1. Only one of A:V50, A:V38 is in a strand (DSSP E or B) and at pLDDT 90 or above. Can you tell me which?
2. Residues in the range B:201-212: is at least one part of a helix (DSSP H, G or I) and without any contact (Cβ under 8 Å) to a residue 60 or more places away in the chain?
3. Does A:K83 qualify as being of a type in the set (D, E, K, R) and either more than 21 Å from the chain's Cα centre (by Cα) or at pLDDT 95 or above (or both)?
4. Only one of (1) buried (at least 23 other Cβ atoms within 10 Å of the Cβ); (2) facing chain B (nearest Cβ under 8 Å); (3) closer than 18 Å to B:E55 by Cβ is not met by A:R91, so which one is it?
5. Taking the conditions exactly as written (touching a helix residue (DSSP H, G or I) at 6+ places or on another chain (Cβ under 9 Å) and either more than 8 Å from chain A (Cβ to nearest Cβ) or at pLDDT 95 or above (or both)), does B:N261 satisfy them or not?
6. For the range A:67-88, which residues satisfy the criterion of being buried (at least 21 other Cβ atoms within 10 Å of the Cβ) and within 11 Å of A:T39 (Cβ to Cβ)?
7. Kindly indicate whether B:R165 is more than 8 Å from chain A (Cβ to nearest Cβ), among the basic types (K, R) and either surrounded by fewer than 20 Cβ atoms within 10 Å (Cβ to Cβ) or under 19 Å from the mean Cα position of the chain (by Cα) (or both).
8. Here is a list of conditions, (1) modelled with pLDDT under 95; (2) assigned to a strand (DSSP E or B); (3) of a type in the set (A, V, I, L, M); (4) out of contact with any Gly (no Cβ under 7 Å at 6 or more places or on another chain), and B:L225 meets all of them except one; can you say which number that is?
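The values are calculated or read from the model by the stated rules, or taken from the named source; none is laboratory data. Everything quoted here is computed from the prediction, not taken from an experiment. Cβ atoms come from the backbone with ideal geometry, glycine included; neighbour counts cover every protein chain shown.
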Amino acid sequence: MIVIRSLSFTRKVIVVTALMALGVLHAADVPPLASATVTRVENHVSYGRVAGDKSETRPAAPNDIIKANNFLMSETDSRAELKYEDGTLVRIGQNTIFSFDAATRTLNLKKGTFVFYMPKGKGGGTIKTPSFTAAITGTVGKVSNNLIAIIEGEITLLPSGRKVPAGFFARINGDGTIDILPFDMTKAFDGKLMTFNGPLVSLPETAFGSMLNYFQSLGRDYTDVNNLPSSVVHFNPNKPTPTQTPAVHHATPTPAPQTPTPPPTTPSSSPPFQSPPP
Amino acid sequence: MALPAFSMKARFITPSLLLLLGLCGSVFAQDGKTYTYHTQGSLAQSSKQSAQEVEDIGQIDEEGGSTTLRDKLRFNINFQTAYTTNALLQGNHGSGDVLFLPSLDVGFHTALSKHFNFDLDTKVDSVIYSRFQDRGIVGYSAQATLDYHIKQGLPRFYATLEPYRYESFDTGQLQTEAIGFTGGTDWGVPFNGGRTLGFVGYSFTEYLSDPDIDTRMVHRAVVGLAHQIRTNLTLQLYYVYQFSDYTDFDRSDSKHTISGNLIYQFNDHWYGSFTTSFINNGSTQEHAAYQSFSTSLGLSLHF
């Protein structure tokens with residue numbers, strides 16, 4: 001069991017500077033996250049605008065256009081969904097402050113939670129919280145202040161460069177150490193944000209609530225049970241003797257007549273439908 | 001709010017990190033592993049998610065680590081009222097009846113590794129007929145399933161062990177009991193922006209039964225579609241083909257089922273459903289062939 005320690009400050013600076021330089025050089029190829037449309041609002045979510053040192057807010061509403069100098073702020077039991085022009089989807093949770101930077105394609109979480117879907121081949125981006133920074137490409141994941149869980153794709157923590165693949169989460173501890181651990185993917189779709197306004201784009205089948213298990217369970221129902229050969233024997237109204245003969249449990253398929261009479265009345269191809277003599 | 005520019009594609013990140021790794025020499029040597037694993041002790045020291053975080057993004061914890069038993073357990077109580085045109089399951093639609101189908105199941109699910117999951121489901125269910133009361137049954141069953149999922153988006157493979165026992169509801173007399181061994185695969189493909197799921201599956205089950213005449217081999221294939229109409233309303237349509245070959249008895253059945261469901265989620269615990277289905281069961285035994293049409297309303301409590 002190994003604990004990964006943070007890099008020294010000097011090394012961090014070297015890594016960050018180099019990555020920034022490469023990022024800036026590459027930025028020209030990548031379309032910015034210019035604006036996003038609010039596609040759903042639940043309860044009390046504010047749309048904020050920063051002007052100099054001041055910020056002003058008003059209630060957010062569907063179809064609001066959020067730009068890079070804007071932010072969204074949700075209250076308790078309140079959520080919102082944002083959709084970017086490149087198909088990126090962000091859902092913010094309760095008591096969250098979220099903004100983004102257009103040119104650097106950075107999703108900023110000041111506090112709270114969000115889940116995101118960023119389509120592949122659209123230029124990727126960066127997630128920044130008060131605790132960590134991560135480079136993302138085509139990915140589905142969940143984010144809180146000190147935690148990021150990856151459901152699809154892969155992210156790279158900055159500046160360490162450590163990868164967090166699908167099925168793993170990174171947690172930044174209070175002492176600065178980082179845990180990268182596997183989590184139970186069967187619970188990947190837990191949480192209101194995962195189904196708020198429908199399943200996230202490209203989510204696999206489990207988003208439908210164990211649909212596979214549901215279909216698996218279609219196998220046997222009462223029509224199967226009450227139509228088994230033993231049941232047909234038990235329930236068949238064409239039985240030659242209308243007595244309440246119990247079902248032929250443990251009977252062999254072709255019971256030998258115990259008495260010479262009555263003779264069999266059904267074809268030999270279907271003896272089990274014939275009740276045994278009383 | 002934003003940090004300086006970090007925007008880049010992964011193909012730039014990877015070479016740049018490799019370059020930096022080379023430049024920095026042994027910087028990463030001491031902790032070159034991508035993943036770290038902690039002891040229970042160190043996990044205990046780490047910060048926990050708040051209740052609001054759990055509500056919004058679910059509990060995220062080390063697999064098999066501090067996940068509680070309660071997280072792995074599930075309970076379902078289901079009440080269903082159905083009308084069928086053929087309660088006797090003979091001929092075509094000549095014996096209409098109203099049925100009550102209560103069931104209770106308790107399940108346990110755990111991930112064994114990144115690719116393997118284990119699920120155990122125990123169930124008590126009953127069918128109570130209004131008109132043909134002697135047909136009422138009560139069943140006790142369990143399903144232990146080990147499944148293997150290579151990765152999300154690819155088919156899943158599973159093996160199931162399934163004992164069951166059905167008794168007459170009135171007399172308590174054994175009607176049938178068996179143990180089933182199943183191997184199967186299924187595959188779901190989401191499309192339409194993730195709102196629709198196409199589904200195909202196949203399974204083979206061998207049931208060793210008491211009485212012996214119920215012993216059979218069953219091939220089952222399913223094609224289905226699930227569509228999320230609204231956040232809390234899902235439509236399911238599916239077709240199931242089932243071929244049963246009775247090994248100790250001269251009988252084989254071909255059963256076709258077409259069904260449609262509407263499932264409405266009232267809240268985290270309560271679900272309502274409306275179901276219709278048509279069954280055409282062909283059999284080499286005259287008395288076992290039938291057609292039926294059923295419709296039902298159901299209410300489920302899940303926690």
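1. On the way: A:V50 fails: at pLDDT 90 or above.
From the options A:V50, A:V38, the qualifying one is A:V38.
2. yes
3. Working: of a type in the set (D, E, K, R): yes; either more than 21 Å from the chain's Cα centre (by Cα) or at pLDDT 95 or above (or both): no.
For A:K83, the condition - of a type in the set (D, E, K, R) and either more than 21 Å from the chain's Cα centre (by Cα) or at pLDDT 95 or above (or both) - is not met.
4. If we test A:R91 against (1) buried (at least 23 other Cβ atoms within 10 Å of the Cβ); (2) facing chain B (nearest Cβ under 8 Å); (3) closer than 18 Å to B:E55 by Cβ, just (2) comes out false.
5. Values: touching a helix residue (DSSP H, G or I) at 6+ places or on another chain (Cβ under 9 Å): no; either more than 8 Å from chain A (Cβ to nearest Cβ) or at pLDDT 95 or above (or both): yes.
No: the conditions fail for B:N261.
6. Those that are buried (at least 21 other Cβ atoms within 10 Å of the Cβ) and within 11 Å of A:T39 (Cβ to Cβ): A:A80, A:E81, A:L82, A:Y84.
7. On the way: more than 8 Å from chain A (Cβ to nearest Cβ): yes; among the basic types (K, R): yes; either surrounded by fewer than 20 Cβ atoms within 10 Å (Cβ to Cβ) or under 19 Å from the mean Cα position of the chain (by Cα) (or both): yes.
So B:R165 fits the description; yes.
8. (4)
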